[in-house]
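Working notes, beginning with the structure itself.
The values are calculated or read from the model by the stated rules, or taken from the named source; none is laboratory data. Quick caveat, the model's predicted, so the values are computed rather than measured. FYI the Cβ positions are ideal-geometry reconstructions off the backbone, even for glycines, and counts take in every protein chain you see. Calculation scope for accessible area: heavy atoms of the full protein, side chains included, ligands and nucleic acids excluded. Shrake-Rupley method; radii C 1.70, N 1.55, O 1.52, S 1.80 Å.
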Amino acid sequence: MSSAHSAVPTAGSVPSPSSSSAAAAAAPTVAELLEFVRRTARDEALIASLPLDPEGRTWIRLDGPGGSEAWLIGWPPGTGTGWHDHADSIGAFTTAAGVLKEHSLAVRLPTDGWKTLELTDGVDRSRELAAGQGRAFGQNHVHEVLNESEDVHAISVHAYYPPLPRIRRFSRTGAVLRLEQTESPEDWQ
């Protein structure tokens, strides 16, 4: 979540002692993460509490289910993530306001040991996710998320398990995907 402005965390961002012990007992599934982000996206008071910045993304860390990492994110018009994955974490996200576009690759990338890959035809996927729509994904899911609107903020809810150990950032030129950098939690928190 680089090059964004961090919002002040809410009380919900502090995990309770009982949630820590629950996390050790049962890891959430992708279905549970998707249900959490959908339910959270319907919380109108929480969505309205996110400060929106016209220049950069804003976010609030949330207490996700089963020890997962969760975020409420504001997207100014014309902003996006760039190509990335969430490494070994599974995840889900739902649009709470506005419309987000996701471009993804229907291909399993090697986890480590590469810098450049040539993608085959037919691996590109694209979907629009309006308010209330979301998706879940498995490990090493490569995508970019964009707010293509020229004048409307978008807001979304995201959850990942295990909490993000790293994010790999990619550049793409035609069919060539290039690993540019690997970020760890201290880079975005």
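Considered as a group, the residues in segment 140-188 that are among the polar types (S, T, N, Q) and either within 16 Å of residue 112 (Cβ to Cβ) or touching a residue at least 40 places away in the same chain (Cβ under 8 Å) (or both) include one that is surrounded by the most Cβ atoms within 10 Å (Cβ to Cβ), and that residue is 156. May I ask you to list the residues in segment 144-189 that are assigned to a loop (DSSP other than H, G, I, E, B), among the aliphatic types (A, V, I, L, M) and within 13 Å of residue 70 (Cα to Cα)? Of everything in segment 144-189, just one residue is assigned to a loop (DSSP other than H, G, I, E, B), among the aliphatic types (A, V, I, L, M) and within 13 Å of residue 70 (Cα to Cα), namely 164. Among the residues of segment 95-103, is any without any contact (Cβ under 8 Å) to a residue 40 or more places away in the chain, open to solvent by 10 Å² or more (accessible area, probe 1.4 Å) and over 11 Å from the mean Cα position of the chain (by Cα)? Within segment 95-103, none of the residues are without any contact (Cβ under 8 Å) to a residue 40 or more places away in the chain, open to solvent by 10 Å² or more (accessible area, probe 1.4 Å) and over 11 Å from the mean Cα position of the chain (by Cα). Any residue in segment 101-121 that is among the charged types (D, E, K, R) and at pLDDT 95 or above? Looking for residues that are among the charged types (D, E, K, R) and at pLDDT 95 or above, one finds at least one in segment 101-121, hence yes. Within this structure, residue 107 fails the test of being in contact with a Ser or Thr (Cβ under 8 Å, 6 or more places away or on another chain) and crowded, with 19+ Cβ neighbours inside 10 Å.
Has segment 32-55 got any residue that is surrounded by fewer than 13 Cβ atoms within 10 Å (Cβ to Cβ), touching a residue at least 12 places away in the same chain (Cβ under 8 Å), acidic (Asp, Glu) and part of a strand (DSSP E or B)? No, the conditions are met nowhere in segment 32-55. Annotation: of all residues in segment 123-139 being on the phi < 0 side of the Ramachandran plot and part of a loop (DSSP other than H, G, I, E, B), the one that is least open to solvent (accessible area, probe 1.4 Å) is 123. Does segment 81-122 hold any residues that are part of a loop (DSSP other than H, G, I, E, B), more than 22 Å from residue 30 (Cα to Cα) and of a type in the set (A, V, I, L, M, F, W, C), and which are they? Passing the criteria: 114, 119. Hey, any hits in segment 62-76 for a residue that's more than 16 Å from the chain's Cα centre (by Cα), open to solvent by 60 Å² or more (accessible area, probe 1.4 Å) and farther than 14 Å from residue 97 by Cβ? No. Checking each residue in segment 54-95 for being farther than 21 Å from residue 139 by Cβ, out of contact with any strand residue (DSSP E or B) (no Cβ under 6 Å at 6 or more places or on another chain) and among the small types (Gly, Ala, Ser) picks out only 78.
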